[in-house]
Structures are given as C-alpha cells and as structure tokens.
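Note sheet for the following structure.
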Amino acid sequence: LLTHGDFYMHLADLTCYVQAHEQLGALYGDPDRWAQKAILNVASSGKFSSDRSVAEYAADIWKVEPCPVP
C-alpha cells in the first residue's frame, strides 16, 4: 500500500481506527461498562433480523412463497 499507492483508500482512516481500537480495549477492560453497553446494544437493535429481511425480499421483490422443509 505504501509502495504502490493506496488506490482504495485503505489507510485513509487508519488513525481513527487505531483510536477506536484503543477505546474499545479500555472499555473491554471495564467489565461492568462493557456489559452495560452490550446489553443496551442488543436492546436497541430493534426488530431487524436476516430471516425477516429475506422473507420480505422473497414476498415483495421476488414474489415467491416459502417452501416448507420437512
């Protein structure tokens, strides 16, 4: 990347990535804060699931119905 050019901008946000990684390490070192954030993250995730997304695509876009598996 450094010799032949970073055409896809892999290194453009490396500094921010390293900073975020350091913050993550510090947070992981505090089990109570880590657990709180993990629980809030799951609780805030809402209704999304890949099963729902695939079912919506099947019905709305592909116009197909599920095939039961015995």
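The values are calculated or read from the model by the stated rules, or taken from the named source; none is laboratory data. All figures in this text were calculated on a predicted structure; none of them were measured in a lab. Here the Cβ is made from the backbone with ideal geometry for all residues, glycine too, and neighbour counts use every protein chain on show. With ligands, DNA and RNA removed, areas are computed over all heavy atoms of the protein, side chains included. Shrake-Rupley method; radii C 1.70, N 1.55, O 1.52, S 1.80 Å.
Structure notes:
- Residue 64 vs. criteria aliphatic (A, V, I, L, M), outside any helix (DSSP H, G or I) and open to solvent by less than 100 Å² (accessible area, probe 1.4 Å): yes
- When residue 9 is tested against (1) surrounded by 10 or more Cβ atoms within 10 Å (Cβ to Cβ); (2) assigned to a loop (DSSP other than H, G, I, E, B), just one condition goes unmet, and that condition is (1).
Yes/no matrix, rows are residues, columns are (1) open to solvent by 100 Å² or more (accessible area, probe 1.4 Å); (2) at pLDDT below 90; (3) over 21 Å from the mean Cα position of the chain (by Cα):
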residue: 16; (1), (2), (3): no, no, no
residue: 28; (1), (2), (3): yes, no, no
residue: 31; (1), (2), (3): no, no, yes
residue: 36; (1), (2), (3): yes, no, no
residue: 42; (1), (2), (3): yes, yes, no
residue: 46; (1), (2), (3): no, yes, no
residue: 53; (1), (2), (3): no, yes, no
